[in-house]
């Protein structure tokens, strides 16, 4: 848990995150593409490939937003169901449903308390939301509850590059440029929060150990694009 006094905790964080994503939903996809120079699309495709599940598998996408990962999952032959606690994000996803680009059910719900039975999915994806939950251990416990034995999880998140020079440049871009562009095109407060929210993330080894403690095996961590993003994958123990 972050000790930064400027970042909300507990239920204040839940309310702040929901309100923030409701506010930025209309231009969320545009900003993602612009601010990552389109790399977020490649990261999502990699995340789906790393599920390594057979075509037709059921996959829950947590914090599904406008359905970006759900669309990639559908294109790969999976049967996704999206869950998000932001009604604004789910409304923004409707344009894809109206155009026929998205068929997956989209459910308003909390990733910490999914309205589904135990062992009801073959896999889980989650894009850039680990730092936004109030209880990461509780999330991993919920993943362990709903993923069948032998199922897979593939979790995308932002990261800080290990190279000092790259880390400095990324810090300037992430901390200064992104809030500026986000403020011009969407909501500045939200895009000031997003870089700060990395402070919620625990050290990598601690996060991987936590997954293992909840019954996941073959836990793996892969830096993406020089370490500005990361992919965590694991298999549910049998």
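Quick notes on this structure:
- Condition met for residue 108 (in contact with a helix residue (DSSP H, G or I) (Cβ under 7 Å, 6 or more places away or on another chain), more than 23 Å from residue 232 (Cβ to Cβ) and surrounded by fewer than 21 Cβ atoms within 10 Å (Cβ to Cβ)): yes
- When the stretch 115-128 is filtered for residues that are surrounded by fewer than 21 Cβ atoms within 10 Å (Cβ to Cβ), over 14 Å from residue 80 (Cα atoms) and either in contact (Cβ under 8 Å) with a residue 40 or more places away in the chain or touching a helix residue (DSSP H, G or I) at 6+ places or on another chain (Cβ under 9 Å) (or both), the ones remaining, listed by number, are 117, 118, 119.
- Filtering 69, 35, 62 for residues that are buried (at least 23 other Cβ atoms within 10 Å of the Cβ), within 17 Å of residue 21 (Cβ to Cβ) and touching a helix residue (DSSP H, G or I) at 6+ places or on another chain (Cβ under 6 Å) leaves a single hit, 69.
- One residue stands out among those in the stretch 8-24 that are in a helix (DSSP H, G or I) and either touching a strand residue (DSSP E or B) at 6+ places or on another chain (Cβ under 7 Å) or without any contact (Cβ under 8 Å) to a residue 60 or more places away in the chain (or both): the one that is nearest to residue 199 (Cα to Cα), which is 12.
- Test: residue in the stretch 132-154 that is in a loop (DSSP other than H, G, I, E, B), modelled with pLDDT of 95 or more and more than 16 Å from the chain's Cα centre (by Cα): no
- Some residue of the stretch 106-127 being part of a helix (DSSP H, G or I) and closer than 22 Å to residue 224 by Cβ: no
The values are calculated or read from the model by the stated rules, or taken from the named source; none is laboratory data. All figures in this text were calculated on a predicted structure; none of them were measured in a lab. Because the Cβ atoms are built from the backbone with ideal geometry, glycine has one as well, and the counts that use them run over all protein chains shown.
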